[in-house]
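Data block below; observations after.
The values are calculated or read from the model by the stated rules, or taken from the named source; none is laboratory data. Worth saying up front: this structure is predicted, and the values here are computed from it rather than measured. All Cβ positions, glycine included, derive from the backbone under ideal geometry; neighbour counts span all protein chains shown. Please note that ligands, DNA and RNA were not included when accessible areas were found on the heavy atoms of the full protein model with its side chains. Shrake-Rupley method; radii C 1.70, N 1.55, O 1.52, S 1.80 Å.
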2 protein chains.
Amino acid sequence: MNTTTLPAIGFIGTGIMGKSMALHILKAGYRLYVFNRSKEKTSALIEQGALWCESPKEVAAHAEIIITIIGYPKDVEEVYLGANGILAGAKAGSIAIDMTTSSPTLAARIAKVAAEREVAVLDAPVSGGDIGARDARLSIMVGGDSAAFKRVLPVLECMGNNIALLGPAGSGQYAKLCNQIVIASTIMGVCEGIRYAQEAGLDASAVLKVIGSGAAGGTQLNVQGPRMISGDFAPGFMAEHFVKDIGLAIESAKEMNLHLPGLDQAQRLYQRMLDKGMNRDGYHALYQLYLANEA
Amino acid sequence: MNTTTLPAIGFIGTGIMGKSMALHILKAGYRLYVFNRSKEKTSALIEQGALWCESPKEVAAHAEIIITIIGYPKDVEEVYLGANGILAGAKAGSIAIDMTTSSPTLAARIAKVAAEREVAVLDAPVSGGDIGARDARLSIMVGGDSAAFKRVLPVLECMGNNIALLGPAGSGQYAKLCNQIVIASTIMGVCEGIRYAQEAGLDASAVLKVIGSGAAGGTQLNVQGPRMISGDFAPGFMAEHFVKDIGLAIESAKEMNLHLPGLDQAQRLYQRMLDKGMNRDGYHALYQLYLANEA
């Protein structure tokens, strides 16, 4: 592949998700500039040819397309709007893509500030977890300008296989939070159904086999259910990250004057998980609260 | 098919589900004796060769295998244990199968009383709704004696394609209620996610297309979600029946000292649906509460 025809890419945030995603871009032949708060987490990428930068600002100065996938909205705000942030370094005409699950209103605000500097910012959170990132099979929910979306689509296609532009800036975040809202109540239902089956003396795996293909069936029941039954609570997706997402969803639902009682109930349970120090268990370890009769 | 080698079947309860199920048995070549509280609902079956009986007792006297699928636990109790009930007429060695979604403890009690008269009673509630019944593709969750289960399996196979014996009497009911417990919270999550997406100004159908194959995906999101979006609230499964099932689940969870907060929350919402006279809407019409901001 002739790399001189491809835009230079910047990548900020090389955690479990980001590292896999950046690697796909590198392997597709793009020149890649990287920054991460902990430098050592970029070493595998640098061995593969990525170029280290000292700040988001420096990444932005080198790249035409800048991708971020970091922790919390406050980090997003700092990385985009801070003194050493992307907008301080980005050239006019460049495009930034925030793939963090973050606040929709913050996404809209950043896009607005950036537009004044002729920089397009898309919000493009993902679902599919570490395995989706590794296999380049993420779902990517995008909000923002459609011309910018078209320009970056080949880059997004290095990382995902189910990519949609859903509306103006913030729409990607709204769609991702919609996803998390559905999951929040569903995982409660899965915990409760399995706990009930076990308490009734049934073989919960046999029950799952019968009900898993019917009206109760779905990814949560069929993937997380067996993990609950076998006591495998390792984090594919950590409880503390899910709690962050639930918090964002509740915050933006409040902005809409929308009452979501299932989500509120899930938040109370997840808060109890954090109170018990289970932050870094998988989010499906909610089942342990039920096991302890503390739900 | 030589009908003389097949056991005579009794069928009590020929509502939407029962009528389709009984028709499959009739078409498989079994002699069929029928009873229903409203006689006119048996006319289609009688035209096809089913034989009318004046009471459950009379059905039981004619049949070797008696199937029931009726309304509420009090009806089940009456049809099995009443003066004109099945146990008053059943021959020793016959088998009754209650396919109503009913109380697990009642199922165990009926099986015990029946065993004293040398009648086996299985509990075998179904999932799959009117379409599953029509297409003989029901899931059937069975509790009771395994020898009796083996004897009736060919008859169950006329109606379903996913059939499992899950334990002693009551186990089928427990499994079905487990199914309903999972659905109760899941449908809340689906309502809340879709409402949130719409309120955020997104095209909810486009969002469903992206999230429906991922971690949020499942039968409720992918089948009921589009109905909510298009405003189709016709009953595949009626709200008042779902409320009955939720009540049974809560009652038996209480017997286990099990706290299921997601289920409790769903019950509060469904009770509000009944209070608004939406008994006979589809259970997914819960979405209308959210639309009215009354959730």
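Here is how the numbers come out for the structure above:
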| item | result |
| --- | --- |
| Among (1) assigned by TED's automatic domain parsing to the domain that holds B:Pro7; (2) open to solvent by less than 20 Å² (accessible area, probe 1.4 Å); (3) acidic (Asp, Glu) - the single one B:Glu157 does not satisfy | (2) |
| Flag for B:Gly49 being at pLDDT 95 or above and within 17 Å of B:Ala111 (Cβ to Cβ) | no |
| Within the range B:226-249, tally of residues that are in a helix (DSSP H, G or I) and either more than 12 Å from every other protein chain (Cβ to nearest Cβ) or not aromatic (Phe, Trp, Tyr) (or both) | 15 |
| Any hit, the range A:60-78, residues being over 22 Å from the mean Cα position of the chain (by Cα) and among the aromatic types (Phe, Trp, Tyr) | no |
| Test result for B:Ala206, over 19 Å from B:Asp130 (Cα atoms) and not polar (S, T, N, Q) | yes |
| Some residue of the range A:257-265 being surrounded by fewer than 15 Cβ atoms within 10 Å (Cβ to Cβ), of a type in the set (D, E, K, R) and within 28 Å of B:Ala197 (Cβ to Cβ) | no |
| Which listed residue, of A:Val126, A:Val207, A:Val223, A:Val152, is facing chain B (nearest Cβ under 10 Å) and farther than 28 Å from A:Leu291 by Cα | A:Val126 |
| Flag for B:Asn179 being open to solvent by 10 Å² or more (accessible area, probe 1.4 Å) and in contact with a Ser or Thr (Cβ under 7 Å, 6 or more places away or on another chain) | no |
| In the range A:129-149, residue nearest to the other protein chains (Cβ to nearest Cβ) [restricted to those that are more than 15 Å from A:Ile97 (Cα to Cα) and part of a loop (DSSP other than H, G, I, E, B)] | A:Arg137 |
| Unmet criterion (only one of (1) assigned to a loop (DSSP other than H, G, I, E, B); (2) of a type outside the set (Phe, Trp, Tyr); (3) without any contact (Cβ under 8 Å) to a residue 60 or more places away in the chain) for A:Cys158 | (3) |
| Some residue of the range B:90-103 being within 26 Å of B:Glu251 (Cβ to Cβ), open to solvent by 30 Å² or more (accessible area, probe 1.4 Å) and free of Cβ contacts under 8 Å to residues at least 40 places away in the same chain | no |
| Residue in the range A:104-128 that is farthest from A:Leu177 (Cα to Cα), counting only those that are in a helix (DSSP H, G or I) and basic (Lys, Arg) | A:Lys112 |
| Every pair of residues 6+ apart whose Cβ atoms lie under 8 Å, when the first sits in the range A:163-181 and is over 17 Å from A:Ile69 (Cα atoms) and within 7 Å of another protein chain (Cβ to nearest Cβ) while the second is open to solvent by 20 Å² or more (accessible area, probe 1.4 Å) and assigned to a helix (DSSP H, G or I) | A:Ala164/B:Ala206; A:Ala164/B:Lys209; A:Leu166/A:Tyr174; A:Leu166/B:Ala206; A:Gly167/A:Tyr174 |
| Residue in the range B:111-119 that is in contact (Cβ under 8 Å) with a residue 12 or more places away in the chain, among the acidic types (Asp, Glu) and crowded, with 24+ Cβ neighbours inside 10 Å present | no |
| Test: residue in the range B:222-235 that is β-branched (Val, Ile, Thr), free of Cβ contacts under 8 Å to residues at least 12 places away in the same chain and in the same structural domain as B:Leu286 (by TED's automatic domain parsing) | yes |
| Residue count for the range B:245-256, restricted to those that are surrounded by 19 or more Cβ atoms within 10 Å (Cβ to Cβ) and not hydrophobic (A, V, I, L, M, F, W, C) | 2 |
| Residue list for the range B:119-164, restricted to those being among the acidic types (Asp, Glu) and within 17 Å of B:Gly10 (Cβ to Cβ) | B:Asp123 |
| Scope the range B:185-203; condition more than 7 Å from chain A (Cβ to nearest Cβ) and within 31 Å of the chain's Cα centre (by Cα); matching residues | B:Ile187, B:Cys191, B:Ile194 |
| Only listed residue being among the basic types (Lys, Arg), touching a Phe, Trp or Tyr at 6+ places or on another chain (Cβ under 7 Å) and either surrounded by 19 or more Cβ atoms within 10 Å (Cβ to Cβ) or within 26 Å of B:Tyr287 (Cα to Cα) (or both), chosen from A:Arg195, A:Arg268 | A:Arg195 |
| Hits in the range B:27-59 (condition: touching a strand residue (DSSP E or B) at 6+ places or on another chain (Cβ under 8 Å), surrounded by fewer than 19 Cβ atoms within 10 Å (Cβ to Cβ) and among the aliphatic types (A, V, I, L, M)) | B:Ile46, B:Leu51 |
| Qualifying residue in the range B:180-202 (condition: closer than 30 Å to A:Asn161 by Cα, part of a helix (DSSP H, G or I), outside the structural domain of B:Met99 (by TED's automatic domain parsing) and of a type in the set (Asp, Glu)) | yes |
| Selected residue (criterion: surrounded by the most Cβ atoms within 10 Å (Cβ to Cβ)) from residues of the range A:145-154 that are small (Gly, Ala, Ser) and touching a Leu at 6+ places or on another chain (Cβ under 7 Å) | A:Ala148 |
| Residues located in the range B:250-295, provided they are more than 9 Å from chain A (Cβ to nearest Cβ) and on the phi > 0 side of the Ramachandran plot | B:Gly277 |
| All positions within the range A:203-216 that are in contact with a Gly (Cβ under 7 Å, 6 or more places away or on another chain) and surrounded by fewer than 24 Cβ atoms within 10 Å (Cβ to Cβ) | A:Gly214 |
